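Below: the structure, in structure tokens.
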């Protein structure tokens, strides 16, 4: 594509908006206590939060991919009655305030919840206040990001390749594995990365549903929130870690998630 | 700003330059307007604060004061018709103190402990000294019906998940003190820390926490209370002070005096708080 000439007014507005986003990050870098940053990050509460966040966000991403693929496929390819409604349901967590999502999860999965009660009474399983509960909360908010990305890719891809594979004798699972997935691979990766980033940053649903137990459910955002009052230096160091990791991931993605399949 | 704009558009036409200048001016104007509004003083205009008790007031109050302060705000407005609005911001005292130290616009700060008030006064942020207006005590709360038969602090060690306030939130520090005095150790992976006392209570009332430690004044119909013996209990002291940066010091001072006055004390007593002394 030929590069467009930049209109000056657009340049100014774009520049100012970019500044708006850069300023908080610059502020964070300036505010950080660089002399003690490694010892701050090495404190037990910080390390536990970092480790826990890594574990829960990766688990939530895995769940989002495994559970999201079949769902994205169905929403993209199978015209069933009520499809728009189901799509709306699945995408609801995108617009729901996270604490509201947490309250909703409690209503369903707490020991007095519609499903949680049965889980506890029959199987002795309690999801609240557990790491699994934190993963559940993160998956709830992250999965929609995966579904929305992959569903769009599946809709926009050229289905003639799949038809060609069928005429050549390929079974449906073979076609999915060897034709469809490679064609939407970049969207699957982009969707997974977006889900991971969303899961990593989740606060409201986690603290409401899984609680705030150090080492078990106190993920990075929860730790930062509590540490802000006790030990602002550690909080800012942890914030910088989150910001750096997110920036690296987003920059590495570059334009991939805007690309068509 | 203008220098950056001209560097970017070195090759524009005259019409382009005019558009750039307009856009820059518009943005600057918006930014300045945003800077200009910073708190209650704009509500009463730019005139110097009057010496009467009037205008609007912003109060930062500990979460445990939610119920009585709503009534006190109404009573204060009724007693002082010049006061247009009393806006109260409820949260953990530690969070509020941090906000005020970072320049949040508040006229009065009512804390659930002296530690957070001292934090502000030693930073020179208070106007004058703080006045203690109430005291409180802690209690154990359990699910309605006390299904786990919690009878004492010791039972908290093996009841399941216990909800306490964050370690720097006053009720969290008090709770840790109480548990320390009673030599009870709850396993750390059974303690969920709430942002403030109301969230801590909600974990027991609505969530799956088996028990929690909150103030006696926070007990609602959704939970049952189990008393803590006086020997182990802690008395929380609630001071209130006027913030030095307040533009409405007269009204702020009047509010603090109202808290220790007859009407204010009656409302606090009805809410279950202990008198200041």
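Taken together, the values in this text are just the output of simple stated rules run on the coordinates, not laboratory data. Keep in mind the model is a prediction, meaning the values are calculated, not measured. Here the Cβ positions follow ideal geometry from the backbone for every residue, glycine too, while neighbour counts run over all protein chains shown.
Helical content of the protein assembly as shown, expressed as a calculated mean residue ellipticity at 222 nm, amounts to -17000 deg cm²/dmol (DSSP H runs of 4 or more residues, -39,500 (n - 2.57) each, divided by residue number, nearest 500).
Only beta bridges with both residues in the protein assembly as shown are counted; by DSSP, about 55 percent of them are antiparallel. Peptide A:6-19 has a mean shielding of 5, counted as Cβ atoms of other protein chains within 10 Å of each residue's Cβ.
Mean-square fluctuations from a GNM of chain A, with a 10 angstrom spring cutoff on Cα atoms, peak among A:220, A:168, A:67 at A:168. Put simply, when B:136-144, A:239-247, A:98-106, A:34-42 are sorted by average Cβ atoms within 10 angstrom per residue, most first, you get B:136-144, A:98-106, A:239-247, A:34-42. Among B:174, B:238, sorting on how many other beta-carbon atoms sit within 10 Å of each Cβ, with the fewest leading, yields B:174, B:238. Rg ratio for the range A:151-245: its Cα radius of gyration over 2.2 N^0.38 Å, N being its residue count, equals 1.71.
If you run the Gaussian network model on chain A, springs between alpha carbon atoms under 10 Å, then out of A:173, A:73, A:196 the most flexible one is A:173. The order of B:237, B:192, going from fewest to most other C-beta atoms within 10 Å of their C-beta, is B:237, B:192. The distance between label points at residue B:114 and residue B:102 comes to 2.8 nm (points 7 Å beyond Cα on the Cα→Cβ vector).
Placing dummy labels 7 Å off each Cα toward the beta-carbon, the span from residue A:13 to residue A:37 is 3.6 nm. A Cα-only calculation for the range A:87-206 places Rg and Dmax at 18.4, 54 Å. Estimated at 0.36 nm per residue, the fully extended path between residue A:156 and residue A:170 surpasses their Cα-Cα distance by 2.9 nm. Each of residue B:129 and residue A:181 was given a label point 7 Å from its Cα along the Cα-to-Cβ line. The distance between the two points is 7.3 nm. Counting Cβ atoms of other protein chains within 10 Å of each residue's Cβ and taking the mean over peptide B:155-162 gives 1. Annotation for the range B:140-199 versus the range A:29-72: alpha-carbon center distance of 28 Å. The fraction of all Cα pairs in the range A:1-132 landing in successive 10 Å bins from 0 to the largest distance is 9, 17, 26, 25, 18, 5, 1, given as whole percents.
Computed from the C-beta positions of residue B:260 and residue B:231 and an R0 of 25 Å, the FRET efficiency is 0.25 to the nearest 0.05. What is the percent of Cα-Cα separations in the range B:118-213 that go past 21 Å? Within the range B:118-213, distances greater than 21 Å cover 37 percent of Cα pairs. Partner shielding of B:183-189 amounts to 2, given as the average count of beta-carbon atoms from other chains within 10 Å of each residue beta-carbon.
Shape class of chain A from the Cα gyration tensor (axes a ≥ b ≥ c, square roots of the eigenvalues): oblate, since a/c reaches 1.5 or more and a/b does not exceed b/c. Annotation: the residues A:19, B:171, sorted from fewest to most other C-beta atoms within 10 Å of their own C-beta, follow the order A:19, B:171.
When chain A is treated as a Gaussian network with alpha carbon springs shorter than 10 Å, the biggest mean-square fluctuation among A:108, A:137, A:190 belongs to A:108. Ratio of Rg to Rh for the range A:87-129: 1.09 [Cα atoms; Kirkwood radius as inverse mean 1/r over pairs].
Rounded to two decimals, the Cα-based Rg/Rh of the protein assembly as shown, with Kirkwood Rh, is 1.04. When the alpha-carbon atoms of the range B:118-277 are used, the pair Rg, Dmax equals 17.5, 52 angstrom.
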